[in-house]
């Protein structure tokens, strides 16, 4: 009989982004809800390892998750927010106590982020600033013992969602099974911490160890990576049509397959777009209808792991109503070993010996992503970074 081998800390689950020794995926229990829940996650919170927003989203079939700072840029979000009976879970002064609601919201928006980030995201957004608010008075303290909450009455996102749904729908206990994954995650994490003996290597080489986890995820998902590069149509404030940056050029690579969509802009092309994108303006003005291009992308990327450079790409995708998870940020991977700041993805690829010859800027970025991803997967990035570090010290 082959002995069971425990997973090492380098092995990471691509779905929950946690080391497999503390993975919570097998504990997820789904519960159908008559209330549609829409999660708005601040991009910074999306990178927090123990965030429970993704867990809550996976526990509620039919819920939707957007990682964005720009709700107005998403047609899907605007449509959801305009539905009758939509409300936001947020404890503002004018919010109605969930216990006092005569009927539950048809659509409940839940903002996931720190208090300050959530407040800024909501009240800087005309879409949500005018929407009815619902507040929750927790019936008991939360069970989030991994990190200290800012106040005793604060709950994790999944705990807050469970309690507010049970309160609004007058259905005590209905959503409690969702907490199985949450409680198991907390217990498993604390047990794992308690088992660790001796000095932690995080204290001595935190930068390199951080790469192990991120690099491991990229390597594990090597066959499913969907590399993505984007360009936007954005006007400087006060110099053109109002509105946030809109996605107009979308490129992808998945193995040997490639994708490109030049989307018809919803407002006039900005001078910077004409000047810098390396694409004839006619290709956008006579391009593909947005919904058609976005539908093609959804089919192309389905089941894959988005791989990009920095937050801007996922912000644009999310604002367009496209899925933005699971995702790996190669900039975050590279930054942990690169001597100094890595700069743009093109700079990194050229330093690795690449020649980028695409006529469009997004095309060159996609080529660069392919080079960097390959260097992460085959270990060349780590070797080159070590060589550069040694050379700089010598």
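The values are calculated or read from the model by the stated rules, or taken from the named source; none is laboratory data. Keep in mind that what you see is a predicted model, and the values were worked out from it rather than measured. A quick note on method: Cβ atoms are made from the backbone with ideal geometry, for glycine too, and the neighbour counts reach across all protein chains shown.
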Taking first residues from the range 159-188 that are farther than 13 Å from residue 56 by Cβ and not assigned by TED's automatic domain parsing to the domain that holds residue 99 and second residues anywhere that are modelled with pLDDT under 90 and surrounded by fewer than 16 Cβ atoms within 10 Å (Cβ to Cβ), the pairs with Cβ under 9 Å that are 6 or more apart or on different chains are none
Exception for residue 242 within (1) surrounded by fewer than 19 Cβ atoms within 10 Å (Cβ to Cβ); (2) modelled with pLDDT of 80 or more; (3) at negative phi; (4) not in a helix (DSSP H, G or I) falls at (2)
Picked from the range 346-370 (must be surrounded by 22 or more Cβ atoms within 10 Å (Cβ to Cβ) and at pLDDT below 95), the residue farthest from residue 311 (Cα to Cα) is 349
Being assigned by TED's automatic domain parsing to the domain that holds residue 129 and more than 24 Å from residue 328 (Cβ to Cβ) narrows 43, 91 down to just 91
Residue hits (the range 72-100; in contact with a strand residue (DSSP E or B) (Cβ under 7 Å, 6 or more places away or on another chain) and in contact (Cβ under 8 Å) with a residue 60 or more places away in the chain) are 73, 74, 77, 89, 98
When residue 26 is run through (1) under 17 Å from the mean Cα position of the chain (by Cα); (2) not in a strand (DSSP E or B), the failure sits at (1)
Report task. May I ask you to verify whether residue 381 is touching a residue at least 40 places away in the same chain (Cβ under 8 Å), crowded, with 21+ Cβ neighbours inside 10 Å and farther than 18 Å from residue 43 by Cβ? Result -> yes
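A quick yes/no check of all residues on (1) modelled with pLDDT of 90 or more; (2) out of contact with any helix residue (DSSP H, G or I) (no Cβ under 6 Å at 6 or more places or on another chain); (3) under 29 Å from residue 18 (Cβ atoms); (4) in a loop (DSSP other than H, G, I, E, B):
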position	(1), (2), (3), (4)
298	yes, yes, yes, no
317	yes, yes, yes, no
321	no, no, yes, yes
343	no, yes, no, yes
Over the range 41-59, the set of residues crowded, with 23+ Cβ neighbours inside 10 Å and in contact with a strand residue (DSSP E or B) (Cβ under 6 Å, 6 or more places away or on another chain) is 41, 46, 53
Residues in the range 71-100 that are within 15 Å of residue 324 (Cβ to Cβ) and surrounded by 20 or more Cβ atoms within 10 Å (Cβ to Cβ) total 4
The condition of being assigned to a helix (DSSP H, G or I) and more than 22 Å from the chain's Cα centre (by Cα) holds, among 279, 274, only for 274
